[in-house]
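K.L.:
The following block contains the structure, expressed as structure tokens.
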């Protein structure tokens, strides 16, 4: 009897993150704000006058993508999106360290 209860609990398909009307509204507003910020970051990436400006813009784009993934995880209730966001953030950090190392070292002449 106790085992049946545990099996039913483990196979339940209820979302982990609670979805209410306020959560849906704030998730949609957050998505709009993040997409606008993503557009502005891409604009900085294209118009950046120097390489460090473009590196910061790429870093900002990656951070905004992590934010979009996290908001979509809240909106859909799927926890796997949060794991994907952590992996993207890790690769973003490693890429930023690589760019900084390149900028500090300078191109070989």
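K.L.:
By how many nm would the segment from residue 94 to residue 76 lengthen if fully extended, with 0.36 nm per residue of separation less the alpha-carbon distance?
P.N.:
Numbers: separation 18, 0.36 × 18 = 6.48 nm, distance 2.85 nm.
That pair, residue 94 and residue 76, stretches by 3.6 nm at full extension.
K.L.:
Here's something else I'd like to know. What FRET efficiency do you get for residue 40 and residue 108 if R0 is 30 Å and r is their Cβ-Cβ distance, rounded to the nearest 0.05? Each step should come with its number before you reach the end.
P.N.:
On the way: r = 34 Å, r/R0 = 1.13.
Efficiency, from the Cβ-Cβ distance: 0.30.
K.L.:
Still on this structure, please answer the following. With an 8 Å Cα cut-off and a minimum separation of 6 or more residues, compute the relative contact order for region 21-104 in percent.
P.N.:
Reported as a whole number, the value is 28 percent.
K.L.:
Between residue 86 and residue 26, take the C-beta separation as r, use R0 = 30 Å, and let me know the FRET efficiency to the nearest 0.05.
P.N.:
Given R0 = 30 Å and the Cβ-Cβ separation, E is 0.85.
K.L.:
From largest to smallest, what semi-axes in whole angstrom does region 21-104 give when each is the square root of 5 times an eigenvalue of its alpha carbon gyration tensor?
P.N.:
Equivalent ellipsoid semi-axes, largest first: 27, 17, 5 Å.
Any read-out appearing in this document is the output of simple, stated calculations on the displayed coordinates, not a laboratory observation. Note that the coordinates shown come from a computational prediction; the quantities given were computed from them, not determined experimentally. Virtual Cβ from ideal backbone geometry, glycine too; neighbours counted across all protein chains shown.
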